[in-house]
Amino acid sequence: MKRFHLILLLLTLGGAAFLALLLYPYLSSSKDSTNLPITTWKVQWIPVGAPEDAPPDIDGEWLSATVEHPFDAIPKGKVGAWIHLTVPPTSNLSKPGLYIERLYAMNVMVYENGKPVYQVNHNFDFERTLLQLPLDHTEITSDLYLRLTAKERAGISSDVQLGELPENSRQAVRNELPDLLLGGGLAFLSLMMLLCSWYLNRAQRSTALALTLFVMCSGILIMTYSAMPYYYFPELGHVFVFLFDTSIYILFPALLYFVIHIFEGRYPWIKRVFRWLVVYYLISFCVMVCYKIIGTPMYSLYAFLTLWLGAPLIVGQLIFISFLAFRNAMQNPNSLILSLGILILALSGVTDILLMYAIDTPHIFNLWKLGIIILIASLVMILNRRIASDYARLLSYSKELELYNHQLQRTEKMQIISELAASIAHEVRNPLQVTRGFLQLLSGKSVAHDKSYFNLAIQELDRASGIITDFLTFAKPELDTLIELDLKHELAQIETMMTPLVLLNKGELEVHVPEPQIILGNSSKFKQALINIIKNSIESLHEEGRITINAWAEGGTAVVRIADNGEGMEPEQIAKLGEPYFSTKTKGTGLGLMVTFRIIEVMEGTLEFHSEKGKGTEAIVRFPLVSNPKSKKSAVVPH
Ligand code: ADP
Ligand code: MG
């Protein structure tokens with residue numbers, strides 16, 4: 001979670017930096033000392049049907065306008081506005097020029113002292129433009145008349161800057177460049193996402209494509225919303241406007257599709273609403289295309305669908321998306337991140353739209369750009385988290401697989417051994433016993449010199465028969481008679497049996513069993529299992545060797561712990577314990593623990609080893625405790 005906080009902090013910082021970048025041009029332009037702002041001007045509306053070359057009515061009604069009250073919404077019955085600017089003397093400037101950052105008009109004609117000096121005609125539906133106008137050197141104030149015509153807005157909605165011409169164009173680039181960079185970056189990102197979606201499966205691809213479309217449309221919207229492309233490439237204005245309009249029709253359905261698929265694929269009614277929305281967007285798109293081709297007759301339908309119906313629908317969608325995001329936020333960190341991203345986008349979008357309605361002056365949509373950046377950042381975060389968790393899962397799967405493989409090999413080996421053991425051991429044990437008997441007989445009659453040979457032969461026969469017993473126990477570990485065993489008593493017997501061997505190895509053996517613990521089992525098999533463990537401990541001892549055995553009850557289980565301070569084992573050795581023939585001793589058989597594991601398994605117990613090389617080993621055996629022992633005495637085999 002700590003890393004999550006760090007990422008949130010970084011996101012916030014990134015968002016703040018981006019906001020600062022967006023606001024910087026607005027803040028810095030007002031501080032520019034070379035520019036003289038003209039803050040007031042006069043506006044006169046142009047009635048419908050007025051000839052294009054008719055001059056303004058100088059003595060008619062003029063409205064006083066400022067940036068705060070720009071009078072740029074064209075009233076009914078008018079086609080545009082005349083703007084009267086009084087320009088102060090320009091003789092102190094080397095290359096005087098006029099710069100208007102935001103001018104609303106499709107057609108612009110500028111007259112300086114009655115002479116036309118500048119003309120721009122946009123035959124596409126983008127009413128925002130910027131104006132950079134070179135002026136003459138004059139000692140006195142001059143009058144500039146701007147004839148602006150458009151469909152909805154005509155007027156100035158920013159300061160009018162008088163200053164050096166190169167400085168003006170620098171300012172224009174500074175204002176518009178962040179949007180172009182941001183939009184271009186997003187469009188490029190979407191192309192990369194398109195490429196990457198190639199590697200996804202079908203179900204993932206549709207969601208990824210929806211997201212790609214969303215990012216691409218956002219990029220295009222941001223770029224084509226800037227006045228710069230229209231100013232420098234007016235011949236492509238139609239294309240830009242078309243791209244802008246089309247992007248809006250794709251952006252919202254794509255976002256909705258994405259969110260629905262991420263969050264609420266289950267509810268059919270949501271999908272039905274989505275389908276209706278898609279129908280609406282398709283119809284609007286067709287009407288938009290018709291309007292572009294046919295023109296004015298389609299305008300009212302187009303305006304109804306996109307302006308009157310469109311904005312509330314978009315607000316509704318954004319609210320709905322926020323609701324879904326909010327509902328799903330608490331499921332897991334991924335959905336929290338995604339929900340935050342979507343929530344911020346939706347809130348910024350709604351705020352932008354509400355501001356547009358609330359503020360009289362045309363609103364420049366900036367907040368939603370921040371929202372988009374945050375949403376994309378949250379998606380990248382989720383992607384990275386997914387990759388990281390997939391990798392972790394892959395690792396754990398492969399570890400598990402290795403473990404299963406190991407177990408499988410082990411079981412197979414065991415199976416073969418138990419079959420072999422069952423078939424051979426019986427056959428071999430009897431002849432061995434007979435041979436041993438005869439050897440003992442002969443040894444009694446032999447001379448002293450030969451006795452040592454007979455003893456050696458008998459010893460080796462005993463070793464062989466021990467191995468065969470191991471095999472037999474392994475092959476047939478079933479406990480014929482299950483009786484209640486008291487661990488305290490059993491371990492006391494084992495102590496008596498093993499102490500001589502421990503002393504022989506110059507070690508100590510301690511057994512602590514404070515209370516009787518009753519388990520079910522077979523006394524001799526149990527002893528065999530524990531003796532094998534203890535023998536290994538004895539064989540691992542160095543000087544001052546010590547073996548301690550404790551037993552206690554833990555919940556419903558009896559625990560026996562056999563610990564030594566012998567040579568210990570490496571982790572790889574521990575993993576191999578119980579495997580047939582695994583032995584590190586020159587005279588070892590590698591069968592002891594195999595048998596022990598088998599006996600404990602049949603007694604429904606468990607055995608685990610903890611060991612550290614050079615420090616010692618600890619074996620923990622667990623058996624289920626008998627909850628209601630019939631009689632403690634019956635479990636105790638008398639001495
Ligand atoms: P063997 O005793 O014949 O070698 P086991 O199955 O009894 O066969 O033990 C297998 C191997 O496990 C031993 O060779 C030894 O390397 C290791 N081992 C078992 N218990 C211990 C222990 N307490 N300390 C050190 N190594 C041990
Ligand atoms: Mg052994």
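The values are calculated or read from the model by the stated rules, or taken from the named source; none is laboratory data. Worth saying up front: this structure is predicted, and the values here are computed from it rather than measured. Cβ: placed from backbone, ideal geometry, glycine included. Neighbour counts: every protein chain shown. Each accessible area value is taken on the protein alone, full model and side chains, heavy atoms only, with ligands, DNA and RNA left out. Shrake-Rupley method; radii C 1.70, N 1.55, O 1.52, S 1.80 Å.
What to note about this one:
- For the pair Ala575 and Leu9, a Förster radius of 45 Å applied to the C-beta separation gives a FRET efficiency near 0.55, rounded to the nearest 0.05.
- Label-to-label distance, nm, for residues given as Ser396 and Thr481 (7 Å Cα→Cβ offset): 4.9 nm
- Rough spin-label spacing in nm, given labels placed 7 Å along Cα→Cβ, for Asn628 and Phe188: 8.0 nm
- Comparing segment 435-509 with the 2.2 N^0.38 Å rule of thumb, its C-alpha radius of gyration ratio is 1.58 (two decimals).
- Distance (nanometres) between label positions extended 7 Å along Cα→Cβ at Ala311 and Glu612: 7.4 nm
- √(5λ) per eigenvalue of the Cα gyration tensor, segment 131-234, largest first, Å: 43, 15, 8
- 27 Å Cα-Cα threshold exceeded, pairs from Lys451/Lys506; Lys488/Lys613; Lys42/Lys115; Lys476/Lys613; Lys585/Lys613: Lys451/Lys506; Lys488/Lys613; Lys476/Lys613
- Residue separation of Ala358 and Met497 scaled by 0.36 nm, minus their Cα-Cα distance, works out to 40.4 nm of gained length.
- Note on Asn455 and Glu543: the extension gain reaches 28.6 nm, defined as 0.36 nm multiplied by sequence separation minus the Cα-Cα distance.
- Sorted into 5 angstrom bins from 0, the C-alpha pair distances of segment 342-447 split as 2, 9, 7, 7, 6, 5, 6, 5, 5, 5, 4, 4, 4, 4, 3, 3, 3, 3, 3, 3, 2, 2, 1, 1, 1, 0 percent.
- Rg to Rh, two decimals, where segment 477-540 supplies the alpha carbon set and Rh follows Kirkwood: 1.00
- Degrees separating the helix 448-475 axis from the principal Cα axis of the chain, which is the longest one: 40 degrees
- The chain, accessible area per residue, ligands and nucleic acids excluded (1.4 Å, Å²): 55 Å²
- For segment 154-202, the extents of the C-alpha atoms along the principal axes are 58, 26, 10 Å, listed from largest to smallest.
- Listed values for segment 128-141 are Karplus-derived 3J(HN,Hα) couplings in whole Hz (6.51 cos²θ - 1.76 cosθ + 1.60, θ = phi - 60°), namely 9, 8, 10, 10, 10, 10, x, 10, 7, 6, 9, 8, 10, 5, and x replaces Gly and Pro.
- For segment 483-624, the convex hull spanned by the alpha carbon atoms encloses 103 Å³ per residue.
- Inter-centroid distance (Cα atoms) of segment 480-509 relative to segment 552-581, Å: 17 Å
- Based on every Cα atom in the chain, Rg and the maximum pairwise Cα distance Dmax equal 45.8, 154 Å.
- Extension gain (nm, one decimal) between Leu408 and Val67, 0.36 nm per residue minus Cα-Cα: 114.6 nm
- q = 0.12, 0.13, 0.14 Å⁻¹, segment 69-218: log10 I(q)/I(0) [Debye, one scatterer per Cα]: -0.65, -0.71, -0.77
- Of every Cα-Cα pair in segment 209-337, the percent that sits beyond 24 Å: 37 percent
- Shown in residue order for segment 508-522 are the 3J(HN,Hα) couplings computed by the Karplus curve 6.51 cos²θ - 1.76 cosθ + 1.60 at θ = phi - 60°: 10, 10, 10, 10, 10, 10, x, 10, x, 10, 9, 10, 9, x, 10 Hz (x for Gly and Pro).
- Cα-based convex hull, segment 83-152, per residue volume (Å³, whole number): 81 Å³
- The calculated FRET efficiency for the pair Thr584 and Ile387, based on their C-beta separation and a Förster distance of 51 Å, comes to about 0.75.
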